[in-house]
Ligand SMILES: Cc1ncc(COP(=O)(O)O)c(C=O)c1O
């Protein structure tokens, strides 16, 4: 209505101007008409501006043939004013950072952080780059929001150790008090298997009694237990693939297995937001790495085409292997990989696909089998399925699953298989029991219920946050919910205010995100009850009002903003 | 937001100012430096505009109309 009104007004002004604009009149009248003209233009501009800003929602949704269900992912653009104010805030903090560095340099103020040594004065400086400056002068000031020691199971609720600082976060002191019953919105405890009671804990306990905790040898020597074998069979069955193998650490699974799979003369196409472990693995492998835009299939296809057409640089030989590396759920954006399109591209260009399901395994899909299940695809289309037990299963370690030959190859070639001590028996037992629970093999429907509960909680939480007017990122079905904070001071303030109200959240800033896109990241769990979520939401709303975080200017309606052409991948030969 | 009294409202406004400028995270002495610099700058702007704006307005009118409005006498 407002827009209509303005439009009507401006049109009226246009009419009046064209009808009455006199060419030979006194100068004072000319000025008046000029003013009217400018005024009129202002309205026209304003009108267009409002139109654009109202309708420009970055909503990507697909109902194409490749997707069985609506794929709704939103990344609302940063409001201009907020972006300007955020940069201003960083500017002010940077100036004060320089001031403090100056004081430290001239020893007016005590320096409590590592610095250049006196006797290494003419060496290459170690602590002068931006990240060191950032740590010293920005991160230190709000450091109390991270690394808080907790002293209970990190389930739906947890206990925190109270901590104070007398020197503005340079050192901390423990007050020996415990902050009790903090609602935990930060752990990756998607299915609520981080518990100290229940069947998983009981069986882990039993196994500890039988096998002890440490294995003290590698899998290839005398550290291969029957529980390990059973777990690997179970993982393969769970994922619906031929074979699987497990490693003691998820990070090492990525960073040690990619070098075993790719090497010199291979090309790795990596999503720009891939996890550090994937990046490290790709770099260690010595292959050429090209990065495509986050979840952007046009960008991926362009790179694939170029790789096929031009081959290796200089020699122009074809690449030995092309490995596409993607994640299931991206933990900072909350987005879900466009797996059907990736698989279509992979088949068309004959590349290999490495899928890291760290966050999605257990948390997505009607049966909790990850993104493959979510999209209803065939697990055999993914060449290397990787995942971790650290999140949904509440244990530790990672797995690689796929064809039997692949796993046999990795068993003898992967560093983390040959040289690492095998997994601790209670951890293995936790994985077995929780996985059986999800599969329903324990004779109950607990696992199935938890998967459904998680999906419901996620949809509910995301919907309520959006209704309150917060900007959230990512896919509607992703249990990782990033909520934008933007300004540097609000990162600290949000964490502190939430903890004051007994809610534990994770706040994230640079370097984990782009500098202006600081955010809070909530991880929804099946262990959260409706009451807990409602309480958390009302507190978030209250803090959101206090800190003015309700930036969103859009009522989100799922609309196909990015037109999707059904016929793009039709000529795929299997 | 609903406030009990005007003081609370002012406190909230000050809090917003702290958050937006980023000085929320600074130590108190840094905050006071920032505040004194900012407020003295604002005071100067207000003072200079009080002194100079009437003169500029008069000159602008003179330029547009080509004559002095009768009530304003030329210096
Ligand atoms: C995508 C991804 N891969 C791998 C890992 C590493 O797993 P882990 O914590 O088991 O070492 C993580 C952990 O956050 C992750 O997010």
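Values quoted throughout were computed directly from the atomic coordinates according to the rules given, and no laboratory measurement underlies them. Model, not experiment: these values are computed from the prediction. Heads up, the Cβs are rebuilt from the backbone with ideal geometry, glycines too, and the neighbour counts pull from every protein chain shown.
Descriptive notes on the structure:
- Per-residue mean of C-beta atoms belonging to partner chains within 10 Å, peptide A:488-497: 3
- The simple spin-label model puts a point 7 Å past each Cα toward its Cβ; for residue B:49 and residue A:237 those points are separated by 7.6 nm.
- Hydrodynamic radius of the stretch B:3-65 per Kirkwood, over alpha carbon pairs, in Å: 14.7 Å
- Pairwise Cα inverse-distance average, inverted: Kirkwood Rh of the stretch A:199-439 (Å): 18.2 Å
- Separation between Cα centres of the stretch A:313-350 and the stretch A:419-485, rounded to whole Å: 25 Å
- Mean Cβ count within 10 Å, highest first, over the residues of peptides A:364-374, A:231-241, A:292-302: A:364-374, A:231-241, A:292-302
- Helix B:6-21 axis, angle to chain B major axis (alpha carbon atoms, nearest 10°): 90 degrees
- Degrees between helix A:199-211 axis and first principal axis of chain A (Cα, 0 to 90, nearest 10): 40 degrees
- Here r is the Cβ-Cβ distance between residue B:37 and residue A:502 and R0 is 45 Å; the resulting FRET efficiency, rounded to 0.05, is 0.75.
- Across the stretch A:434-531, C-alpha contacts under 8 Å between residues 6 or more apart give a mean separation that, scaled by the residue count, equals a relative contact order of 25 percent.
- Within 10 Å of each Cβ in A:512-524, the average number of Cβ atoms from other chains: 0
- Rounded to 10°, Cα long-axis angle of helix A:2-20 versus longest principal axis of chain A: 30 degrees
- Here r is the Cβ-Cβ distance between residue A:174 and residue A:553 and R0 is 41 Å; the resulting FRET efficiency, rounded to 0.05, is 0.40.
- Shielding value for B:24-32 is 5, the average number of Cβ atoms from other chains within 10 Å of each residue's Cβ.
- Gain upon complete extension [residue A:216, residue A:127; 0.36 nm per residue less C-alpha separation]: 28.1 nm
- Scattering profile of the protein assembly as shown at q = 0.07, 0.09, 0.10 Å⁻¹ [log10 I(q)/I(0), Debye over alpha-carbon scatterers]: -0.59, -0.91, -1.08
- FRET efficiency for the pair residue A:272 and residue A:161, taken as 1/(1 + (r/R0)^6) with r the Cβ-Cβ distance and R0 = 30 Å, rounds to 0.20.
- Peptides ranked, highest mean first, by Cβ atoms within 10 Å: ranges B:5-13, A:434-442, A:390-398: A:390-398, A:434-442, B:5-13
- Protection proxy ranking, highest mean first, for peptides B:49-55, A:452-458: A:452-458, B:49-55, where packing is the per-residue count of other beta-carbon atoms within 10 Å, averaged.
- Projected label distance in nm at residue A:95 and residue A:459, using a 7 Å step from Cα toward the beta-carbon: 5.1 nm
- Projected label distance in nm at residue A:296 and residue A:146, using a 7 Å step from Cα toward the beta-carbon: 2.7 nm
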